[in-house]
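The structure appears right after this line, and notes come after that.
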Amino acid sequence: MVNGDIKIFSGLANNPLAAEIADLLGTGLGDVSIEDAPDTETLVMVNESVRGCDVYVVQPTSAPVNDNLMQLLLIVDALRRASAKRITAVIPYFGYSRQERMAHGREPISAKVVADMLQAVGVNRIILTDIHAPAMQGFFNIPMETLSAVPLIIDYLKQQDLSDSVIVAPDVGRAKLAEQYAERLGVPLALIHKARESATTARIVGMIGDLEGKSPIIIDDIITTGGTIVETAHAVLNAGARPRLRLAAVHGLLAGSAPDRLNLDFIQEVLLTDTVHIPAEKHTPNMTILSVAQLFAEAIHRVHNETSVSGLYLLT
């Protein structure tokens, strides 16, 4: 429960999560109207007073990324012009986070552009979860809280039979994350080494760790099309792993036919969180979705009451 000068607003990207957060905090969602004009412009209207309030806008910038980002920017601008005391953008999934550097000449650093836009419209603080490239925290000149839903996934896995399990990192970039899973679950670690051939394709060139007779848990931070993680699944099966795999990731973008690609007999469970809203038509029988509402509600409660948020960070 928080004081009455706090308000929670939501865009259209993940209204169920925002409503659950507001319910946990003992306050309803703020009244905001969002619609598309005939020419596809986004129209936003805040329908209640926010003068002097501590306001939190819950809006992942997942697909459609540009529409959801524009909703967030316009809601923040409307709140600022309505004299909100402080505006915090709560972004469970940060779109463009995989464009945090120049991989080639003459291309933008899109994550930095988004960071600049959020600060320009008047965001006073950012709350994120498991950003793909942690170094992009340096793009912001305002306070930022970077939470992690990984402990939530680990707590769930601890309740399962892990007697013959092994944590598998699908590439070198996820090695540190996989190590944290392995250490906290008390299971061995394996690593897939890939050679990237383009921005969207990579080739498996090596594997480190014993997979013979093991039940793999393949971890990642984001599952988009499912292609990479399913390719990893086939690789560990070819290395002698048991056909009883778990896939675990914080952000389930599940673009296109990803749900069908993940709904395979040898994939026992696909473990995701609701940082991105996954509609019913994308649910599969082997999918488990954990709620991050309590994590965000606790973070908002601590920020509002000016107490430490560091206990909610990913343990390193």
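The values are calculated or read from the model by the stated rules, or taken from the named source; none is laboratory data. Every value quoted in this text rests on a predicted model; they were computed, and no experiment measured them. Methodologically, a virtual Cβ is constructed for each residue, glycine included, from the backbone with ideal geometry; neighbour enumeration extends over all protein chains shown. All accessible areas refer to the heavy atoms of the entire protein, side chains included, with ligands and DNA or RNA removed. Shrake-Rupley method; radii C 1.70, N 1.55, O 1.52, S 1.80 Å.
Close Lys pairs in the chain, defined as Cα atoms under 23 Å apart and 8 or more places apart or on different chains, number 6. On the accessible surface of the stretch 124-270, probed at 1.4 Å, how many percent belong to carbon and sulfur atoms? About 49 percent, which is the carbon plus sulfur part of the accessible surface. Rounded to the nearest Hz, the phi-derived 3J(HN,Hα) couplings of the stretch 27-36 under the Karplus curve 6.51 cos²θ - 1.76 cosθ + 1.60 (θ = phi - 60°) are 9, x, 5, x, 8, 9, 9, 9, 8, 9, where x marks glycine and proline. Its relative contact order, with pairs defined as Cα atoms under 8 Å and 6+ residues apart, puts the stretch 1-91 at 32 percent. For the peptides 33-39, 119-125, the ranking by mean Cβ contacts within 10 Å, running from highest to lowest, is 119-125, 33-39. Give me the percent of accessible area attributable to carbon and sulfur for the stretch 13-67, probe 1.4 angstrom. Carbon plus sulfur share of accessible area: 47 percent. Averaging the sequence gap over all C-alpha pairs within less than 8 Å and six or more residues apart, then dividing by the number of residues, gives the chain a relative contact order of 15 percent.
Taking the longest Cα principal axis of the chain as reference, the axis of helix 65-81 is set at about 30 degrees.
Sorted on the mean count of surrounding Cβ atoms within 10 Å across their residues, most packed first, peptides 160-169, 250-259 read 250-259, 160-169. To the nearest 10 degrees, how steep is helix 175-185 against the longest Cα principal axis of the chain, on a 0 to 90 scale? Taking the Cα atoms of the chain, the angle to 175-185 is about 80 degrees.
Across 94, 139, the residue with the most accessible area heads the list, and the full order at a 1.4 Å probe is 139, 94.
DSSP bridge analysis restricted to the stretch 1-86 gives an antiparallel fraction near 40%, rounded to the nearest 5. In order along the stretch 159-166, the phi-based Karplus estimate (6.51 cos²θ - 1.76 cosθ + 1.60, θ = phi - 60°) of 3J(HN,Hα) comes to 7, 9, 7, 10, 4, 10, 8, 9 Hz; Gly and Pro are listed as x. Solvent-accessible surface of the chain, taken per residue with a 1.4 Å probe and all protein chains present: 45 Å².
Report summary: the helix-based calculation at 222 nm, which adds -39500 (n - 2.57) for every DSSP H run with n ≥ 4 and divides by the residues of the chain, gives -8500 deg cm²/dmol.
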